[in-house]
């Protein structure tokens, strides 16, 4: 009610930082509209203050310089012997002595200066020269010189320690006040005008957007649902891999909902002091209840919501106390309290069951990697404001970027813009985007000197991958073969998926294994030698074969799952679970993995022997051109077969 009836704070891309220990109404009312008393512009007030300061310093400086005798035209300086002559000839009116400096006023009104020997009196000098002091018509004045060096030394010796003590005491006072603010929430408050992101800026997750629109409507029109007996959801859990837009969707809600929006990261609840996390949870929920209807967004909730007793990552009582406090706050909501908790995570399997049960997080919204249509929409959003060449085809780019998340697509377009700027181009071309795509997935090119034997070995290795992929069944088309080093590899063969797939068949997986083994098989066939270049291929092939046996049931062991923790072997290993099978079964699993790998390697070697001409043709073309696109590769293979 507090925000919806008033204009929100001035627009800013950053949220207003909550000041610890203040009433929430005082924290969010500063930006309200209304008549404002006219004041002088801030820049003008600052300029006037500076002028007054400079004038004050100038006046003080004038007084100091005048006291030191440094203001006015400098009088003529004469030798001391000339001074004695003038005194002896009765031409001197007055003499002023400051240490060894003499100021002589002559009877004709002229002022001259001179220097005498330090440590001797002017009277002693006149007496030694047999010149009576009475020859000076006026008087001889002895003045003490202003001890500037002594004063500065005194000020520095006393002032610097005082300044240091002041800074120390001020820091201690600040630290003591911070000590009592440990338990205050570090959440940032956003209101509608403070977020420039809306649902129009989010693409590729239409189902999740529709759910969020409903949540926003819950907050704006609670009576619409309560009169039908519907209860407002207490929690919404956003689940999905990294980069699919969980946090972006939450920011869009902050831009759409006309209610206070509290944003905090899960790690911000944790401190080294015991009890701080639970105190911050209480403070956060107290602020949200006081300003209801409101939203709370907890990013990366798995930082505090892990299963209790798992012990992953050095868990301790502080994390569990924080989780317990969140459970209490969410379950202790009054039904009339309009506060919704949003949370995001890419590891839902690690969350405590008590946290994700109905009544706490009532809704679970899954965000998946974008499909072809979604990628095209995401590309159009991120391309806004970028000058694109007429050859840029979003549909074509979307087909080449299967498996890219929204964050990957945004990063790709940004890298393309950087490449275009590096080339001093006026717009972004398709070549820039293709290169940026490779840079995002494989890393930047590494142009370095290669030994001819190593380059030849790499050429046949990559040609082996490409030839096997060309003849193996049900694989996507080869779009690029190169021996230009990129990232950590000396070359690569690219087979981008031609369409989005949810399921993979056994035939396709076996063809993938044959393609992975094609590089090693080519080395053995051509050089009768093997190298370390196939290490990554072997690792990926072994992992795929293991999953085929233990998860997918694609082996002679039958449709049986041998992996623990619901198909998450790493989680079972972290939790110290024992394998769900006997030692004899483990031996059979190892034998099946070995059989699948050996069979794939034998098949790859057979394909290369049957297509030796194509292997030689592609390898020689790579040595000559270094990179072949899909059309060039297929033309070479057709020529070799003909």
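Every number in this text was worked out from the coordinates using simple rules, so none of it is lab data. Every value quoted in this text rests on a predicted model; they were computed, and no experiment measured them. Counting neighbours? That spans all protein chains shown, and the Cβs are built from the backbone with ideal geometry, glycine included.
Report the semi-axes of the equivalent ellipsoid for the stretch 372-441 in whole Å, largest first, where each axis is √(5λ) for an eigenvalue λ of the Cα gyration tensor.
18, 12, 10
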Quiz item: What fraction, in whole percent, of alpha-carbon pairs in the stretch 76-143 exceed 14 Å separation?
Solution: 52 percent
Practice problem: Starting from the alpha-carbon convex hull of the stretch 357-509, give the projected area averaged over all orientations, in nm². | Solution: 13.2 nm²
Exercise. Treat the count of other C-beta atoms within 10 Å as a stand-in for reagent exposure and order 476, 108, 90 from fewest to most.
Key: 108, 90, 476
Quiz item: Over the Cα atoms of the stretch 452-641, what is the Rg over Rh ratio if Rh follows Kirkwood?
Solution: 1.03
Quiz item: If you build the Cα gyration tensor of the stretch 455-529 and take the root of 5 times each eigenvalue, what three semi-axes come out, in whole angstrom, biggest first?
Solution: 23, 15, 9
Quiz item: How far apart, in nm, are two points set 7 Å out from the Cα along the Cα-to-Cβ line at residue 477 and at residue 117?
Solution: 10.7 nm
Quiz item: Hey, with R₀ at 35 Å, roughly what FRET efficiency would residue 525 and residue 502 work out to, going by the Cβ-Cβ distance, to 0.05?
Solution: 0.45
Quiz item: Pulled fully out, how much extra length does the chain show between residue 591 and residue 635, if you take 0.36 nm times their separation in residues and subtract their Cα-Cα distance?
Solution: 11.8 nm
Quiz item: Using 1/(1 + (r/R0)^6) with R0 = 41 angstrom and r between the beta carbons of residue 282 and residue 552, what's the FRET efficiency to the nearest 0.05?
Solution: 0.30
Quiz item: In what order do 83, 618, 341 fall by count of nearby beta-carbon atoms within 10 Å, going from fewest to most?
Solution: 83, 341, 618
Practice problem: Evaluate the relative contact order of the stretch 372-441 (contact order divided by residue number), counting alpha-carbon pairs under 8 angstrom at least 6 apart; express in whole percent. | Solution: 38 percent
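If R0 is 56 Å, what FRET efficiency do you get for residue 368 and residue 626 from their C-beta distance, rounded to 0.05? All intermediate terms of the calculation are to be shown ahead of the outcome.
Values: r = 37 Å, r/R0 = 0.66.
Efficiency computed from Cβ-Cβ geometry: 0.90.
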Quiz item: Under a point spin-label approximation (7 Å from Cα along Cα-to-Cβ), what is the residue 224-residue 389 distance to one decimal in nm?
Solution: 4.8 nm
